[in-house]
Amino acid sequence: QAVLTQEPSLTVSPGGTVTLTCGSSAGAVTSGHYPYWIQQKPGQAPRTLIYDTNNKHSWTPARFSGSLLGGKFALTLSGAQPEDEAEYYCLLSYGGVRVFGGGTKVTVL
Amino acid sequence: EVQLLESGGTLAQPGGSLRLSCAASGFTLSVNGMSWVRQAPGKGLEWVSDSVIGGGGGTYYADSVKGRFIMSRDNSKNTVFLQMKSLRTEDTAVYYCTGHGGLSEWGPGTLVTVSS
């Protein structure tokens, strides 16, 4: 089973830009893994921000974008806001079996 | 309003069984893939099971629950279930159901505690 690796924590200044990455022990991440980015704030249920690599839901702020970068799956936050402080998880599919990354705690400071 | 609501979480004994339910409103479960995800206290998200609609369908499980958990649907009740048996202390977690297009919907979760 693939192991997904994310940065444990990242700090970004208000208005700044940060990129989170998700790498797989099974090789390059592709669109065929139907990649997701999921946000979770303390005490709340998760919420999906990005699906199928770069598709956004109606509630996903425009400052978030998903992409494939150097064999990894990436989430770029451009123009960080205080409300973006949260844990972010990537989720990939391997032939029906899904795997979450360990999560990245983003601090806006 | 589109929403999911889990129920059935409670305190269970190691080796025991439990059935979780996830009721959908505002959309039809029968034409949507659905998933169960869990989160142990203070830990990250862990995928548990998927019930797939497209591509021939099928149900998939994480290795940690394969052979012990069964995911099923009752389309007449617009509800999915997670039957859990041979429970272990490491199954203690908040269990979320999620689904609809692009995993757009998540329930609030239901807490399962496995302890003697």
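So the values come out like this:
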{"quantity": "Selection within region A:75-89 - more than 10 Å from every other protein chain (Cβ to nearest Cβ) and within 9 Å of the chain's Cα centre (by Cα)", "calculated": "A:75, A:76, A:88"}
{"quantity": "Test: residue B:91 is more than 12 Å from chain A (Cβ to nearest Cβ), over 13 Å from the mean Cα position of the chain (by Cα) and of a type in the set (Asp, Glu)", "calculated": "no"}
{"quantity": "Region B:59-83 - residue that is within 13 Å of chain A (Cβ to nearest Cβ) and in contact with a helix residue (DSSP H, G or I) (Cβ under 9 Å, 6 or more places away or on another chain) and, of those, surrounded by the most Cβ atoms within 10 Å (Cβ to Cβ)", "calculated": "B:65"}
{"quantity": "Qualifying positions in region B:71-110 - free of Cβ contacts under 8 Å to residues at least 40 places away in the same chain, of a type in the set (Gly, Ala, Ser) and over 15 Å from residue B:26 (Cα atoms)", "calculated": "B:72, B:102"}
{"quantity": "Unique match (being under 19 Å from residue B:49 (Cα atoms), in contact (Cβ under 8 Å) with a residue 40 or more places away in the chain and not polar (S, T, N, Q)) among A:89, A:51", "calculated": "A:89"}
{"quantity": "Residue list for region A:32-67, filter: more than 14 Å from every other protein chain (Cβ to nearest Cβ) and either touching a Phe, Trp or Tyr at 6+ places or on another chain (Cβ under 7 Å) or not in a strand (DSSP E or B) (or both)", "calculated": "A:61, A:62, A:63"}
{"quantity": "Single residue of region B:17-58 satisfying the filter (at the interface with another protein chain (Cβ under 10 Å from one of its Cβ atoms) and β-branched (Val, Ile, Thr)) that is surrounded by the fewest Cβ atoms within 10 Å (Cβ to Cβ)", "calculated": "B:52"}
{"quantity": "Residue list for region A:68-96, filter: part of a strand (DSSP E or B) and in contact with an Asp or Glu (Cβ under 8 Å, 6 or more places away or on another chain)", "calculated": "A:77"}
{"quantity": "Search result, residues across region B:88-116 that are at pLDDT 95 or above and part of a loop (DSSP other than H, G, I, E, B)", "calculated": "B:88, B:92, B:107, B:108, B:109, B:115, B:116"}
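The values are calculated or read from the model by the stated rules, or taken from the named source; none is laboratory data. Note that the structure is predicted; figures quoted are calculated from it, not measured. Cβ coordinates were reconstructed from backbone atoms using ideal geometry, including for glycine residues, and neighbour counts include every protein chain displayed.
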